[in-house]
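Encoded as C-alpha cells, the structure appears first; notes follow it.
The values are calculated or read from the model by the stated rules, or taken from the named source; none is laboratory data. Since this is a predicted model, take the numbers as computed values, not measurements. In this analysis, Cβ positions are derived from the backbone assuming ideal geometry, glycine residues included, and neighbour counts consider all displayed protein chains.
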C-alpha cells in the first residue's frame, strides 16, 4: 500500500504541482554500528500521518504541495548506481522548480546530492550545512570511500563549502581534513557553553563568505541520545528539539535552501517517538525552506 508524506491530511500531490519532492532512499550498506536505516524512510512517512498541518510561526507549508516519489531502488550491487539514481531524482525535482527532500537511509545517500550539486550548480554557489555528531571526513572508512563516515570528504573534494554543527566525535584524520579544507563549524562543546550565556545562540551565523544557497544534511544522531536513541550511533551531548530548531533558523537566515536530507533513523518498534520526531523535523525543514525560498518561486508561504 502506497504511503506518502502527511497522507492523513493531504491527497497525493502530482510531481508537477509539488513545491517539495520527498524522496525515500532506504539505503543500508555501510552502517558500522547499529542497523536498521533501510526501514527509516517508511517509518518517517508513516509517522508523518500523525502530524498537524500547521507549523508554529510558519503557517501551513503542506498547502504548497508535497509530492512523495517512489523509493529509490537501493538493491544494486554497485552503490555508485544508487547514488546516480539519487542525483537524477534530485535533478528532476530541480527541473520542475521543486525542492528535493531525501529521507534516509544511511548518511552516504548525500553522495547523490553532492553529485547533483556539482552537475547542476556553478562551483561555489552551494554550500552544505551539516548537523551531525560526527565529522564524516575520513578519506575512507571500513574499506570504502562511499561510507557514511566519508561522505563529507567527497563534498570537499568537489569543492563544495561545508559548515558543521553539533560535532562531538573526532579523529586525527578528520581534524586534519577540516583544517586543510577550511571547514567552518559550531561544535557541540561550543554550543553547550553558549547555552549558559545570556545571549544563548543569538550571535550564531554562517561565515559572511559562505555560499548564499544551502543544502542541509541532518544526521539525526545530532540530537542527544535521550531524544534520539533509534539511530545507529546514539550519542550524548547533542541537541534538544528547540535547540535544533533555533540553530536551523539562525544558520539559514539570509540564505535560500535548495534541498535537504534527513538521515540515519533506524526505527525500533518500542521507540515510535523517534520516528515521529524525525517526521516533525522533516516538516519543520519544509516550513523553513518555504520561508527562506519564498522569493525563488511563485508560491508564497502562509
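Data for the structure
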| read-out | value |
| --- | --- |
| Filter pass, residue 92 being in a loop (DSSP other than H, G, I, E, B) and either buried (at least 19 other Cβ atoms within 10 Å of the Cβ) or at pLDDT 95 or above (or both) | no |
| Residue list for the range 142-153, filter: surrounded by fewer than 22 Cβ atoms within 10 Å (Cβ to Cβ) and either outside any loop (DSSP other than H, G, I, E, B) or at pLDDT 95 or above (or both) | 144 |
| Selection status of residue 43, assigned to a helix (DSSP H, G or I) and in contact (Cβ under 8 Å) with a residue 60 or more places away in the chain | yes |
| Residues within the range 221-255 that are within 20 Å of residue 127 (Cα to Cα), buried (at least 21 other Cβ atoms within 10 Å of the Cβ) and either more than 16 Å from the chain's Cα centre (by Cα) or at pLDDT below 95 (or both), tallied | 0 |
| Residue match in the range 17-34 (condition: assigned to a helix (DSSP H, G or I) and either at positive phi or at pLDDT 95 or above (or both)) | yes |
| So residue 38, is it out of contact with any helix residue (DSSP H, G or I) (no Cβ under 7 Å at 6 or more places or on another chain) and either crowded, with 24+ Cβ neighbours inside 10 Å or not in a loop (DSSP other than H, G, I, E, B) (or both) | yes |
| Of all residues making up the range 1-28, the number that are buried (at least 18 other Cβ atoms within 10 Å of the Cβ) and touching a helix residue (DSSP H, G or I) at 6+ places or on another chain (Cβ under 6 Å) | 11 |
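Conditions (1) surrounded by 23 or more Cβ atoms within 10 Å (Cβ to Cβ); (2) without any contact (Cβ under 8 Å) to a residue 24 or more places away in the chain; (3) in contact with a strand residue (DSSP E or B) (Cβ under 7 Å, 6 or more places away or on another chain); (4) under 18 Å from residue 33 (Cβ atoms), marked per residue:
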| residue | (1), (2), (3), (4) |
| --- | --- |
| 129 | yes, no, yes, no |
| 159 | no, no, no, no |
| 171 | no, no, no, yes |
| 177 | no, no, no, no |
| 188 | no, no, no, no |
| 191 | no, no, no, no |
| 209 | no, yes, no, no |
| 215 | yes, no, yes, no |
